[in-house]
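A short write-up of the structure that comes next.
Bear in mind these aren't lab numbers, they're just calculated from the coordinates by the rules spelled out. Quick caveat: nothing in here was measured; it's all calculated off a predicted structure. Backbone-built Cβ (ideal geometry, glycine too); neighbour counts: all protein chains shown.
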Amino acid sequence: MSYINVKDKIVLITGASRGIGKRIAEGFRDEGAIVHGTGSKPESIEWMKDSGIIGHSADMRDPHAIGSVIQSIHDKSGKIDVLINNAGVASNTPAGGMKEEEIYKIVETNYIGLFRACQAYYKVQRKSGGNIINFASVLGLVGTPLSSVYSGTKGAVISLTKALAIEWVKNGFRLNAICPGLIETDMTTMITDRPSIKEQVQAGIPMKRMGRPDDLLGAGLFLASDASSYMTGQILVVDGGLTAQ
């Protein structure tokens, strides 16, 4: 049996309707996990029907939605082995032009919603411990134009992961974060749809390519498995060497 094994683990992945979250959900399913995935709207999880992934509609900005999903899964299954917080929204609006509505949407989804998910998961798993994997970003580690509020939320996720790892370790919880680099998804179309821009971006990455959602699956499986059982409060950077320069 592989040391990196998630077979029969009950895993909840937020933001599993598309992009990175969808690929992570499919990958965990293929490795034998019992996968639950959320999307912000009922139509966003339609693809999960007959896919082997159990879909739940939950807008991360709703104060009660993700908590209700977590409670429901726990009531039916008796446990949730792993929570993967992937749901998030991005922006490429210049800082000086950001409107209040956009600011709050990013903060409420990327940080407050993620914290609520952590908190709800802690409450149902308090007696038995748990494993939380938070998706942050390299933009939480380095600065770049047009990502001010997004970068701020991802930096906050990194700090939150470290803080909760220390606070909850006595209850048997592990918390780690994954920081993807530039990944080809619908959130990076402002790059991928413009060949000259994409070429310029890839030239600045030591591996000379943008990442793919598949590139993050290994890190997720590792952190979800017993292979990482002595790790907590850590940040795994998966960026093709971008932040190593």
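Descriptive notes on the structure:
- As a rough footprinting exposure proxy, the listed residues 28, 173 were ranked by other beta carbons within 10 Å of their own, and the order from fewest upward is 173, 28.
- Whether segment 14-86 is rounded, prolate or oblate, judged on the alpha carbon gyration tensor where a/c under 1.5 counts as rounded: oblate
- Under 23 Å of direct C-alpha separation, and excluding same-chain neighbours fewer than eight residues apart, residue 7 reaches these lysines: 22, 49, 76, 79, 127.
- Across the chain the C-alpha pair distances fall into 5 Å bins from zero in the proportions 1, 7, 14, 18, 21, 18, 12, 6, 3, 1, 0 percent.
- Sequence-distant contacts, meaning Cα pairs under 8 Å at least 6 residues apart, place the relative contact order of the chain at 20 percent.
- Computed E for residue 68/residue 229 - FRET, C-beta separation, R0 35 angstrom, nearest 0.05: 0.70
- Euclidean distance of C-alpha centroids, segment 151-193 and segment 55-88, integer Å: 18 Å
- Residue exposure sequence - 105, 99 - by fewest surrounding Cβ within 10 Å: 99, 105
- Over the chain: helical MRE at 222 nm, DSSP H runs n ≥ 4 each giving -39500 (n - 2.57), nearest 500: -11500 deg cm²/dmol
- Taking the number of Cβ atoms within 10 Å of each Cβ as an exposure proxy, the fewest-first ranking of 192, 144, 243, 161 is 144, 243, 192, 161.
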